[in-house]
Amino acid sequence: MVRHRGIFNPLNSEPYELSRSRVENFFKCPCCFYLIQVRGVEFPSIPGFNINEATDILLKKDFDKYRGTKKTHPFLIENGLEHLIPFHHEHFDLWTQSMHFGAKDRMNTIHKGTNLKIGGGLDDVWLNTKTDKIHIVDYKSTSQKSNKGPITLDDYYKGSYKRQMDLYIWIMRQKGFAVEDIGYFLYCDGDRFTKTPFLGKEKAVMEFKMTLIPYQCDLRWIEPILFQIKKVLTSQICPPHSKSCEYGHFLKRISED
Ligand code: SF4
């Protein structure tokens, strides 16, 4: 059977592939989700965040040096977490490939109640040698505009980061792995307040402040949302525009003028 992805086809009995970002789309706006997944409306693309991608690649390279060994990265030792070791698995690199999440041995699972195949791409996994369970790890990059206090997960928009972590913990458990309730966000904060010169003779070097934030997962929202998604996918009616969406207000104003 042909893989079921892109526009939802009610006649295709194969599991319908939805990435974690599509699930997040639904969470934010069922209308937007419906227009994309059911009606096939293509929304304007946004350019990639290349510097964030570069920090992800560099962090992974650093942790790869310790993957599957008995030693761990000095950063984790410094943070009192010498019992966490980058996790080795034959499919680990496949789990990091978000663009192909629906293929075999990737980071995906089929939810039986809805026949949805939910997946994504992990940044990292660390093995807790005390419990023999794994922790899901997500790298984040930013540059705080204020020099006050450490990075937290308190901002409203970081709710989507938490849901991403919840979903990845859920997926890996569905795949049969013993996964800790605690996930870790490893934040790189481009330091714009440093006294260290940025530009040298030939190259510039940016300093990053690093923060490791443990996060206690909450998986209770996942299954109810998946059932809601299935209901909307099989509906003939597009849900209303979200009341809190600025674009929705903008479009409404245009249609009124
Ligand atoms: S404009 Fe806003 S409310 Fe309307 S579909 Fe798009 S995201 Fe949803």
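The values are calculated or read from the model by the stated rules, or taken from the named source; none is laboratory data. If you're wondering where the values come from, they're calculated on a predicted model, not measured in any experiment. Cβ placement follows ideal geometry from the backbone for every residue including glycine, while neighbour counts extend to all protein chains displayed.
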Looking only at the stretch 35-51, how many residues end up being part of a helix (DSSP H, G or I) and either modelled with pLDDT of 95 or more or within 13 Å of the ligand (Cβ to nearest atom) (or both)? 3
Just wondering, is there one or more residues in the stretch 19-34 that are part of a helix (DSSP H, G or I), closer than 14 Å to L116 by Cβ and more than 16 Å from the ligand (Cβ to nearest atom)? yes
Which pairs do you get when a residue that is free of Cβ contacts under 8 Å to residues at least 24 places away in the same chain and closer than 21 Å to R106 by Cα, found in the stretch 9-38, comes within reach of a residue that is part of a helix (DSSP H, G or I) and among the aromatic types (F, W, Y), reach meaning Cβ atoms under 8 angstrom, with the pair 6+ apart or on two chains? R22/F33
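So that you can scan it fast, the table gives a plain yes or no per residue for (1) surrounded by fewer than 12 Cβ atoms within 10 Å (Cβ to Cβ); (2) closer than 18 Å to C31 by Cβ; (3) at pLDDT 95 or above; (4) within 16 Å of the ligand (Cβ to nearest atom):
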| site | (1), (2), (3), (4) |
| --- | --- |
| R220 | yes, no, yes, no |
| K230 | no, yes, yes, no |
| L233 | no, yes, yes, yes |
| S244 | yes, yes, no, yes |
| S255 | yes, yes, no, yes |
Keeping to the stretch 83-113, report how many residues are touching a residue at least 60 places away in the same chain (Cβ under 8 Å), surrounded by fewer than 20 Cβ atoms within 10 Å (Cβ to Cβ) and of a type in the set (S, T, N, Q). 2
